[in-house]
Each structure stands twice: as C-alpha cells, then as structure tokens.
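Data first, discussion second: the structure below is written as structure tokens.
The values are calculated or read from the model by the stated rules, or taken from the named source; none is laboratory data. Just so we're clear, the structure is a prediction, and the values are computed from it rather than from any experiment. All Cβ positions, glycine included, derive from the backbone under ideal geometry; neighbour counts span all protein chains shown. In case anyone asks, the SASA skips ligands and DNA or RNA and just uses the protein heavy atoms, side chains included. Shrake-Rupley method; radii C 1.70, N 1.55, O 1.52, S 1.80 Å.
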Amino acid sequence: MAALMAALLAAALAPQAPAFEASVEAVYLDVFVSDRGKPVKGLDEAAFEILDNGVRQAATLVSVEDVPTCAVLVFDTSGSVSGRKLDHLRAAAHAFLRGLRPGDQAALVTFSQRLRLRVPATREIGSVQHALDAIEPEGSTALFDAVYTGTQVAAGPGRAMVVLFSDGGNRLSWLSEADALGVIEASDVLVHAVGLTPPKPPAAPLVRGSRLEDKESPALRSLRLLAEASGGRLWLAEASADLEATFLGILEESRTRYLLRYVPTGLPREGRHKLEVRLKGHKGVLRARRGYYVAPE
Amino acid sequence: MTGALWFALSLAGSDVSAEGYRALVERYRGGDAPGAVAELAGWTPAQVQGAVEGLGRKAPNLPARAAAMLHTDTALLARRRGEIAKEGLHLDLARRSLETLPDRADHQTFRRDWLLAMGVYCLYVFDPDRSFAYLREGLRRFPKDPELLLASGALHEAAATLPAPARSAPGSATRHAPTTTALGDTASPIERSDALYSWMFAAEFSVNDLGPREALVTAERQYRDALVAEPGLEGAHLRLGRVLARLGHADAAQAELSWVVKNSRRPERLYLAHLFLGRVQEEQGRFADAAGSYRAAAAAVPSWPTASFALSEVLHRLGQRVESRQALQAALAAQDPRPPDGWWLYPYGPHELFGPPVERLRQEASAWQP
C-alpha cells in the first residue's frame with residue numbers, strides 16, 4: 001500500500017510539459033470581468049489590453065470550454081473544523097465535484113499542521129469524493145504551507161485552480177505569507193479562497209467610523225491576499241451551511257472567466273513581471289493576477 | 001492493575017471529607033501515588049474544594065510537598081481525560097500547597113522545580129495565564145536560574161509568534177478570542193514523560209501587555225541572561241538564534257545557530273538549528289546555502305517532514321522544479337512522524353525541561369516535613 005501511494009505521489013508531482021506549447025513559454029491569464037456584481041460575458045480578445053512590465057502584448061482568447069480544469073481542493077481540517085462545519089464542508093465539496101465537466105480533474109489536499117495529499121489530480125472524481133468522507137479533524141493550521149502544496153499539485157495541463165478553505169488563520173506554517181504569495185506569483189494557478197464570516201460580538205453596535213466597526217481579521221486578510229495575487233478572490237460564507245452555495249458560485253464563475261494567452265515579446269523573460277490587464281471599450285471591473293515570476297534557468 | 005480498575009476501586013467508598021483528603025495526601029506520600037491520584041481524580045470539583053477548605057479550618061499540618069504533587073498529578077490526569085476545568089482547579093490547589101511550604105533553603109529546590117516544570121507544562125498545553133504566573137514567580141525567587149529564564153523567554157517568544165493581539169492588562173498573560181485547536185498528538189516526547197497531552201492552542205495571546213516585537217526583545221534578553229548563567233545551555237542558544245533571526249539580526253542569529261550545529265549531539269536540536277539557519281540564509285538570498293542547510297536538517301532527523309518541505313520551496317525558488325517536487329513528495333510521505341516534527345512543537349516551548357524536575361518532585365514528595 002505504501003509503495004502504491006508513493007508511486008501515486010510521484011506521478012502526481014512529476015513535472016508536466018508546458019500546457020499548450022511544446023517549445024515556447026506562453027503566459028496564460030485567467031481573467032474575470034464583472035459589472036455591478038454580475039459577470040460580463042461575450043467579450044473578445046480585442047476587449048483586453050495587456051501590459052507586461054509596461055510592454056503591450058498581443059493576446060489571443062482561448063475558449064474555456066476547450067480547456068479542462070484541474071481543481072485542487074485544499075481544505076483546513078484542523079481541530080476547529082469539526083461536527084456540523086465539517087459536514088457542511090464535505091457537502092459543499094461533493095456538490096462542487098458533481099459540477100465538474102467530463103475531462104476535468106480534481107485533487108484533494110487537507111491540512112492541519114500536517115499536509116496530506118489525499119488524492120492526486122485525477123479524472124476519477126469518485127476517488128476524491130470517497131476521500132472526502134474519510135477526513136477527520138485534528139491539529140493546528142499550516143495555511144501557507146498548504147497553499148504552496150496546492151499550487152504544486154495543481155501545476156499541469158489545463159486551467160489550474162485551487163479552492164482553498166480555512167476557518168482560521170495560519171498557526172504553524174514553515175512558510176510565511178510573503179513566501180506563499182511569491183509561490184502564487186510564480187505559478188499559473190488561480191486561487192479561490194473561502195472563509196467564514198467571523199461571529200459578531202452580541203453587544204457591539206456597527207457604527208461606521210467608530211472603533212467598533214468590523215475590521216478584517218488577519219486570517220481573512222491572508223486568504224484575500226492569497227486569492228487576489230492569483231486573480232481570484234475571497235469568498236465569504238456567513239455560516240458553514242452556506243458553503244455549498246459558495247462553492248457552486250466558484251464553479252459558476254469559472255465558466256464565465258476568460259482565458260487569455262500570449263507569448264511575452266519585447267522584454268526579458270526571467271525575473272518578476274508586473275501585469276496590467278485592462279478593459280478596452282467596455283465597462284466593468286476586471287480581476288486578473290497582478291504579476292508572475294520566471295526563475296532563472 | 002489497569003488504571004480503569006484502580007479508578008473503580010478508588011471510588012468504591014471514597015471518603016470525600018477533609019479527613020479523606022488528608023488520607024489521600026498521606027497515601028501519596030507513602031508511595032501509592034497512582035492510587036491516591038486515581039481516587040482524587042474521581043472527586044467532583046465541589047468535593048475537592050470542600051475537603052481542602054474543611055481541612056484548612058482544622059489546622060492541617062498537612063505534608064505540603066505531597067499535597068502539591070498529589071494535585072499536580074491529578075491535574076495531569078485530568079488533562080489526559082480532557083477535563084480542563086478540573087486540571088485548572090488542581091493546578092491552583094497545587095500552587096496553594098506550594099505556598100504553604102516554609103520559606104527555607106531546604107524547600108527552595110522543590111519550589112523552583114515545581115514552578116519551572118509547571119510553567120513549561122502550562123505553556124505546552126497553552127495555558128499562558130498560569131505559565132506566566134509560575135515563571136514570573138520562579139524568576140522573582142530565582143532571577144538567575146538559566147532554565148527558568150529559558151522557559152520564560154520561550155513564553156514571550158510564543159506570544160510573538162502570532163498576529164498582534166489587542167492590548168491586555170499589564171502583569172498578565174491573556175488569551176484573546178480563543179479558538180480551540182487540538183494538536184491531537186498522543187506520542188510527543190512529553191508524553192514519554194508520562195505527563196502531558198497537548199490539547200488547546202488559542203489564537204493569540206500577549207504577555208504583560210507587550211506587543212510582538214517587544215515580546216521578542218524580552219525573549220532575547222532572557223535567553224542571553226540564561227547563557228550568562230549557563231553558557232552551554234543548548235536550548236537557549238537555539239532559541240536565541242531563532243529570535244535574533246526574527247528580529248532581523250542575521251549575523252548574530254547565524255552565530256548562535258552555528259554554535260548549536262557545532263556543539264550539540266542531539267538530533268532534534270541539530271534539526272532545528274539547520275532549519276533555522278536555512279531560513280536565515282534564504283532571507284539573505286543565499287538559496288543554495290539554504291538548500292544545503294535544509295538537507296542537513298533532513299539528514300539529522302529523516303522522519304520529520306518540515307526540512308524536506310523547506311527544501312522543496314527553496315529549490316522551487318532556484319528553478320529546480322524536478323528536485324523541488326521530489327522534496328515535496330518526500331515531505332508529503334512523512335506526515336505522521338513519531339515523535340512529532342520538532343518544528344510543530346517548537347512554539348510550545350522547551351518541553352524537555354518538564355520531565356526531570358517532575359521526576360525529582362515526585363521523589364521528594366515523600367520527604368518528611370516538620
């Protein structure tokens with residue numbers, strides 16, 4: 001059994017060929033456009049302007065229907081994710097997995113202070129569903145380490161997505177938040193982070209501008225930054241019972257995103273790249289990753 | 001005889017009066033610690049308090065050391081059973097017994113060992129209020145004690161490990177917005193001392209109203225004071241190195257961590273020293289050196305995953321994707337180490353300081369007291 005698992009791990013983490021090109025390193029941008037909270041559909045590549053380190057790039061639009069998704073579920077299974085909360089998380093994950101299309105892949109990573117690759121990326125969605133039911137809560141929370149692991153498991157052909165759930169902040173990661181942001185920057189992975197709205201103290205009035213106004217907790221701030229660095233976002237569920245709707249919302253949004261592809265020209269390849277992606281001739285709010293990093297060879 | 005059977009027998013006709021309590025203390029002093037503890041563990045908190053207060057009114061002449069250790073061991077048992085409120089009660093009663101010891105030289109070692117052991121224990125199980133109180137009392141009485149300084153430094157270091165909390169009252173260690181997270185490991189080195197089961201780890205706490213940086217500076221000072229008293233105290237060198245790194249003093253951090261690498265023979269210390277050295281090197285952009293340090297850490301304790309994980313990340317930075325994935329694979333395959341990874345236990349303090357004093361305390365609990 002141990003040998004089989006080791007083989008599966010090795011296969012899951014084996015370096016993959018570039019997604020679409022055999023010889024040229026293309027950049028893929030997973031972009032979401034909304035207007036007054038609703039996704040904007042039907043845009044073509046002419047609607048987007050891309051600046052890579054200030055140099056305009058020519059991009060083509062890839063149909064998301066033609067590109068399989070690799071969704072890595074990265075779930076906090078620390079001791080606080082127990083009872084009804086865990087039941088709701090499982091139900092949400094099952095609903096998400098049922099919504100994947102033929103050809104899509106899924107993987108499952110759980111974390112406490114331990115990181116567990118429960119199921120490597122696979123088209124056998126049933127194996128992921130089966131693994132969900134075996135989760136037991138225990139331990140602390142190594143959030144940033146889990147993000148790193150999720151991005152590595154997600155790397156491969158297709159659109160790579162990490163659906164990250166945590167009900168609390170980082171406690172025991174080896175990596176720092178800055179490390180995790182750097183890893184996201186260096187990957188093509190889109191991160192959707194799911195958190196729970198913290199309970200309000202019963203006697204605290206919400207007065208705008210007062211010291212009692214809700215402030216974003218460090219835990220939620222971390223989740224938000226991790227997601228936004230990739231072009232994703234933080235999804236807040238009011239309660240664990242709302243997780244299923246949240247996860248389905250992520251899936252629905254993924255169908256309305258745009259996938260832009262370009263080969264960087266007119267600038268050095270290695271190093272940090274600051275990205276600016278703008279809409280041309282259309283109204284709306286655009287979300288895309290803010291940069292990427294190419295390590296020296 | 002199994003613990004369950006002892007427990008059942010102890011409850012059969014258990015005398016929960018003041019005299020019954022006295023009998024348990026004498027029984028502990030007489031060498032039947034398991035029996036006495038098992039019986040007292042079955043009393044409700046109200047029964048315990050009633051008996052203790054009843055005895056107090058009768059001018060007890062109670063063997064204070066035995067009483068302190070009876071309550072201490074009962075507290076440890078309560079923790080293992082998940083009876084946290086009972087644990088707290090017995091810790092408070094143990095300390096109260098300690099306070100009845102005459103302030104004489106022949107009781108100093110006992111008092112010091114108890115404050116150190118239970119200060120370390122309370123940090124490990126995340127009871128920072130008691131940890132702070134015990135260690136502060138210990139340092140008030142023994143200000144140059146290197147192990148007390150080490151433990152207190154670790155408490156301050158733990159307070160600085162988490163995001164900045166709201167301000168608390170001075171002179172206290174206060175938990176903020178506690179959440180419960182079970183570390184859930186039953187095979188830690190402390191468990192081998194037959195004493196501890198790590199259970200709760202709250203989100204944030206502050207010590208004596210210090211912010212994170214101030215807490216680290218205090219930790220640094222206490223570690224340095226410990227090393228003045230005992231220059232060879234490896235744990236102090238290790239923690240001082242880590243704290244200096246967190247404070248941004250890379251060269252000084254490297255010096256301390258390199259001292260541990262050169263002088264320690266303990267694999268778990270070498271593991272952490274190499275790991276922390278690697279982090280310093282990584283933050284200086286010396287990624288190849290960091291990879292070497294992480295490899296050395298992994299070699300020190302091959303079953304612990306954090307070193308392989310750290311190696312994976314730095315190789316990723318170096319663009320060595322194949323090797324990075326292999327290291328991550330090794331880390332993911334090693335996620336159930338026994339004992340637990342030293343990095344996971346590091347924030348919980350120098351738990352190695354718990355076992356020896358507790359054993360001494362148990363032996364001394366039977367010493368005669370006039």
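A few remarks follow.
- Heavy atoms of B:Phe126: accessible area, 1.4 Å probe, square angstrom to 10: 10 Å²
- The distance from the alpha carbon centre of the range A:100-161 to that of the range B:22-78 is 51 Å, rounded to a whole number.
- Computed FRET value (nearest 0.05) for B:Ala299 with A:Asp133, which takes r as the C-beta separation and R₀ as 35 Å: 0.35
- Chain lengthening between A:Ser63 and A:Glu124 when straightened (0.36 nm per residue, less Cα-Cα): 19.6 nm
- Cα-based Kirkwood hydrodynamic radius, chain A, one decimal, Å: 19.9 Å
- Overall dimensions of the range B:86-131 as given by Cα atoms, namely Rg and Dmax in Å: 11.2, 32
- A:Thr265-B:Arg224 pseudo-label distance in nm [points 7 Å out on the Cα-to-Cβ vector]: 6.0 nm
- Rounded if a/c under 1.5, otherwise prolate or oblate - the range A:123-168, Cα gyration tensor axes: oblate
- Cα gyration tensor of the range B:67-159 - equivalent ellipsoid semi-axes, whole Å, descending: 20, 18, 9
- Computed FRET value (nearest 0.05) for B:Arg338 with A:Ala46, which takes r as the C-beta separation and R₀ as 51 Å: 0.25
- The three principal axes of the Cα atoms in the range A:229-285 give end-to-end lengths of 50, 30, 16 Å, sorted in falling order.
- At the residue level, A:Glu124 shows approximately 120 square angstrom of accessible surface with a 1.4 angstrom probe and all protein chains present.
- Evaluated at q = 0.23 Å⁻¹, the base-10 log of the normalised Debye intensity for the range B:113-163, with identical point scatterers placed on the Cα atoms, takes the values -0.72.
- Solution diffusion estimate, µm²/s, Stokes-Einstein, the range B:244-370, Kirkwood Rh from C-alpha pairs, 10 °C, viscosity 1.306 mPa s: 99 µm²/s
- Taking 16 Å as the straight-line reach from the Cα of A:Lys41, the aspartates and glutamates in range (excluding those fewer than 8 positions away in the same chain) are A:Asp30, A:Glu65, A:Glu252, A:Glu253.
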